[in-house]
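What follows is one structure encoded as structure tokens, with my remarks underneath.
Any read-out appearing in this document is the output of simple, stated calculations on the displayed coordinates, not a laboratory observation. What you are looking at is a predicted structure, and each value in this text was computed from that prediction instead of being measured. Virtual Cβ from ideal backbone geometry, glycine too; neighbours counted across all protein chains shown.
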Amino acid sequence: MTIRVAVDPTNPGQFFACCGLLELADRLWPGAEGWFADGQFHIECSGALNALLEAVRNAPLTLEGPVDADGKKDIYSGPGKLGEPFNLTLDWWLDHGYREADPNRGSRLKPWAGTMESVGIARAMKQALNAPGIDTDPFNVALVVPSADDPRKKKEPFHFDSRRGANALPRDIGFVQDALGIQTLAHPAVEFFAFVGLQRCRPRSADTPRVFDYFTWTIPCGPAILPVAVGGLLGDPQARGYRFENAFRTGQKKHKAYSPATPLGGI
């Protein structure tokens, strides 16, 4: 059985969401393989997209990590755990074992900051996978996402989705949306699955700070090979490269957003 999801390869959020979909499909149905072709991401596996999404919706997502002197965990940067049937730790932004000078540190890819909550945002985006249309065209369903803990409150996304990022930079719109408390549409499937996909897959750092390259691939491969494929090292003559920036979107230069990617001239 093949899952097919429409994807824009110039949207880094959608690209890493494809990696996240494959990661979770393989954990649900071992042996899953994925590739890009004809404007879609294909996953060959033993199940269907609606079954995968249902398993994700039902899996617990909890805040992990040490507690402080008051017995509280770090809600802003603490790691998460996506439980049964996936059992996946999500902590790529914490840079375990990375040197300060390492260009592939996960924290360089982290767009959220300040009072934005790591697992809190992910839980809201995961809960929003119940939205109509997600089962058929997951990356193109947009809505104002409510908090998983209080539906009266809204939860802003990570800003992996470059459609959001391109419209969130103050230099483009003339003001900072966060500062005014404006609630806008998010694409929850892109935000959640990109959050998952970055656990295994890192783009290649360019020479410019906060600028990264990634590559699509057309050869079916499983999650273990994804870092090689994403880095353009699979040996696929049909691979295509793209470059994006994790750009500052506030004057304090803390919050960021993924910009739309531009095609590279070659590998």
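Okay, here's what the table says:
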{"quantity": "For the chain: lysine pairs under 14 Å (alpha-carbon distance), excluding those fewer than 8 apart on one chain", "calculated": "7"}
{"quantity": "Highest-first arrangement of 230-236, 85-91, 256-262, 149-155, where packing means the average Cβ count within 10 Å", "calculated": "256-262, 230-236, 85-91, 149-155"}
{"quantity": "Antiparallel %, DSSP beta bridges [both residues in the chain], to 5", "calculated": "100 percent"}
{"quantity": "Estimated [θ] at 222 nm from DSSP helical runs (n ≥ 4, -39500 (n - 2.57)) normalised by residues in the chain, nearest 500", "calculated": "-6500 deg cm²/dmol"}
{"quantity": "Viscosity 1.567 mPa s, 4 °C: Kirkwood-radius Stokes-Einstein D of region 1-92 over Cα pairs, µm²/s", "calculated": "88 µm²/s"}
{"quantity": "Over the chain, relative contact order from alpha-carbon pairs under 8 Å, at least 6 apart, %", "calculated": "24 percent"}
{"quantity": "Computed magnitude of the charge dipole of the chain (debye, nearest 20; Cβ of K, R +1, Cβ of D, E -1)", "calculated": "640 debye"}
{"quantity": "Alpha-carbon centroid distance for the pair region 221-267 / region 105-121, whole angstrom", "calculated": "18 Å"}
